[in-house]
Amino acid sequence: ALRATLKNKSILSGVAVMHMQNPPVNSLSLGFLTEFCIAVEKLEMDKSCRGLIITSSQPKVFSAGLDIMDMYGKNLEHYKAFWKAVQEMWLKLYTSNMVTIAAINGSSPAGGCLMSLTCDYRIMADNPRYSIGFNETQFSIGVPVWCKEAMTTIVGHRNTELTLQLGLLYNPSDALKIGLVDQLVPEDQVLATATQTMAKWLAIPDHARRIAKSMMRKPTIDKLMSIREADMQQYISFISKDSTQKMLGTYLEMLKKKKG
Ligand code: CO8
């Protein structure tokens, strides 16, 4: 049975560091997302916690995105619970009062990219082997509309259109060029840089910064809230189709074969 472990240890006063640890590739499974959301909620309620750095304990991977096993061969109840957890993860992070920084120390496709997009700032390891973006169309899946909105606010309409239509994954320097990440640093400096950046953000009074954050994000948040149920129905009807299941089965096989 898979379970996530989230280690929180403070490296800067008032800052939590969440090391995602769901081997082998930090896929965002139902169990992991549930635990993740509880952990974020606890930090959110802790008045002494003003900042959150999200990083990975797994080598080479920040997060492989949504766990395909949770989308494959399960019943409707499972699909529903899973999608609710995905929406919840996004909402919790996107609406967070804390300063959130993604310390992207490995590849971050699809849902992994989505998670990092919720953060206030993204720092990525400058290793050309790593990639980040939305590859969904490459295996015949579309992203939800709120994900498109969040991406557009960061890299603009044109880059979002290219990424989403072509299922593009960017190497770190291309990701920096389009603004998908804010900064590249050598791999061993990702966390240290995230900490220094956090110190700068925390020098701004919380109240004013939070007003600015929520003003910028409100339209996208309102959009998901208004279509949450429809988004759920759309997901369930798509994921439970025979053709979608067949395609996911083929993709899973391809991922497993790739190894050998
Ligand atoms: N879910 C489940 N299992 C996964 C996933 C995943 N997302 N990614 C990898 N795995 C498994 C592999 O199958 C492999 O399993 P096994 O050990 O049994 O062979 C194991 O994890 C290790 O994988 P790799 O050998 O590939 O590990 P590498 O370190 O070589 O590569 C990568 C790491 C780059 C992350 C690579 O695994 C990869 O590219 N993974 C796939 C990423 C991907 O395509 N994610 C998309 C998920 S879908 C999503 O997030 C959004 C869907 C939106 C749905 C909207 C519907 C309406």
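What the table shows:
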quantity: Given K223/K256; K148/K241; K84/K200; K42/K218, the pairs whose alpha carbons are separated by over 30 Å; calculated: K223/K256; K84/K200
quantity: Potential extension, Q245-A192 segment - 0.36 nm per residue separation minus Cα distance; calculated: 14.9 nm
quantity: Under 5 Å, built H, 5+ apart or other chain: amide partners of S56; calculated: M20, N105
quantity: Accessible surface of the chain, 1.4 Å probe, proportion on carbon and sulfur as whole %; calculated: 58
quantity: Once the Cα gyration tensor of region 1-123 is diagonalised, semi-axes √(5λ) in Å; calculated: 23, 16, 13
quantity: Kirkwood-based Rg to Rh ratio, region 88-218, C-alpha trace; calculated: 0.96
quantity: Accessible area of region 5-202 divided out per residue, in Å², using a probe of 1.4 angstrom; calculated: 40
quantity: Residue among T153, L91, S131 farthest towards the positive dipole end of the chain, charges placed on Cβ; calculated: S131
quantity: Relative contact order computed over region 5-202 (Cα-Cα under 8 Å; 6+ residues apart), in percent; calculated: 20
quantity: Share antiparallel - DSSP beta bridges, region 5-202, percent rounded to 5; calculated: 20
quantity: Protection proxy ranking of 171-181, 49-59 - average other beta-carbon atoms within 10 Å, highest first; calculated: 49-59, 171-181
quantity: Whichever lysines have a C-alpha closer than 21 Å to that of K257, once near sequence neighbours (fewer than 8 apart) are set aside; calculated: K60, K246
quantity: L66 long-range amide H proximity, modeled H, under 5 Å; calculated: L28, G111, G112
quantity: Descending semi-axes in Å of the chain, equivalent ellipsoid built from Cα gyration tensor; calculated: 28, 20, 19
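The values are calculated or read from the model by the stated rules, or taken from the named source; none is laboratory data. Small disclaimer: the values here were computed from a predicted structure and weren't measured. Cβ sites come from the backbone with ideal geometry, for glycine too, and all protein chains shown count toward neighbours. Note: accessible area is taken over every heavy atom of the protein model, side chains too, but ligands, DNA and RNA are not part of it. Shrake-Rupley method; radii C 1.70, N 1.55, O 1.52, S 1.80 Å.
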